[in-house]
Amino acid sequence: LVGASIAASTAVTGATETETNFSTTVTVPANALQAGSVLHIVAMGKYTATTGLETHDLKLKIGSTAIVTLSTINPANDDYFRFDVWVTVRTAGASGTMVGSGSAVGAALAGTTAQATVALDSTAIDTTAAQTVAVAIDRQASATDGDSARLDMLTVVGFNLASLV
């Protein structure tokens, strides 16, 4: 286990057009990833208040790289979003590479389901630096001050990692 949330994040509330990470994150230490390392990332969150016509983008990220994006989500109260992604490090180092595969779903309870299949082509990752696994929300111009969402779960499991200490 690289890391797991034990409590929900602080809710992201209000109107903004700025991408914001939820407060719950997991850090993969510098030099823990090596060629052949695999990360299984599962995240789930909930919309706690909505006004009906807002749209949001959600991203699962490693560092500043979006592994998967769910775009133009129009949620209802209590709708959820979920990511289930596997990432494999192909090469290690300051100019390392990774590939990924998995799935994501958002706003499924309202019947306006947005789904994405993750097929991450070879992408740069600096394995010599600590990498933060995070979920971000980008609330579009239609969001209002009363809109709110939180991240309820973030779990990162690693296989074939160098020492995490």
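The values are calculated or read from the model by the stated rules, or taken from the named source; none is laboratory data. Bear in mind that the values here come from a model prediction, so they are computed numbers and not experimental data. Ideal geometry is used to build each Cβ from the backbone, glycine not excepted, and the neighbour counts take in all protein chains shown. Side chains included, ligands, DNA and RNA excluded: accessible areas come from the protein's heavy atoms. Shrake-Rupley method; radii C 1.70, N 1.55, O 1.52, S 1.80 Å.
In this Cβ point-charge picture (+1 for Lys and Arg, -1 for Asp and Glu), the chain has a dipole of about 440 debye about its Cα centre. With contacts taken as Cα pairs under 8 Å and at least 6 residues apart, the chain reaches a relative contact order of 41 percent. Across segment 11-79, C-alpha contacts under 8 Å between residues 6 or more apart give a mean separation that, scaled by the residue count, equals a relative contact order of 27 percent. Counting heavy atoms of the protein chains alone, ARG82 has an accessible area of about 90 Å² for a 1.4 Å probe. Amide H of VAL133 versus every other amide H placed in the peptide plane: which residues, excluding those fewer than 5 positions away on the same chain, fall under 5 Å? Those qualifying (amide H under 5 Å, at least 5 residues apart or on another chain) are VAL26, THR27, VAL28, GLY63.
What separates the Cα centres of segment 148-162 and segment 1-66 is a distance of 8 Å. According to the Kirkwood relation over distinct C-alpha pairs, the hydrodynamic radius of segment 50-102 is 13.2 Å.
Summing charges over neighbours of PRO75, with a neighbour being any other residue whose Cβ is under 15 Å away from its Cβ, gives -3 when K and R count +1 and D and E count -1.
For the chain, the equivalent ellipsoid built from the Cα gyration tensor has semi-axes of 29, 15, 13 Å, listed from largest to smallest.
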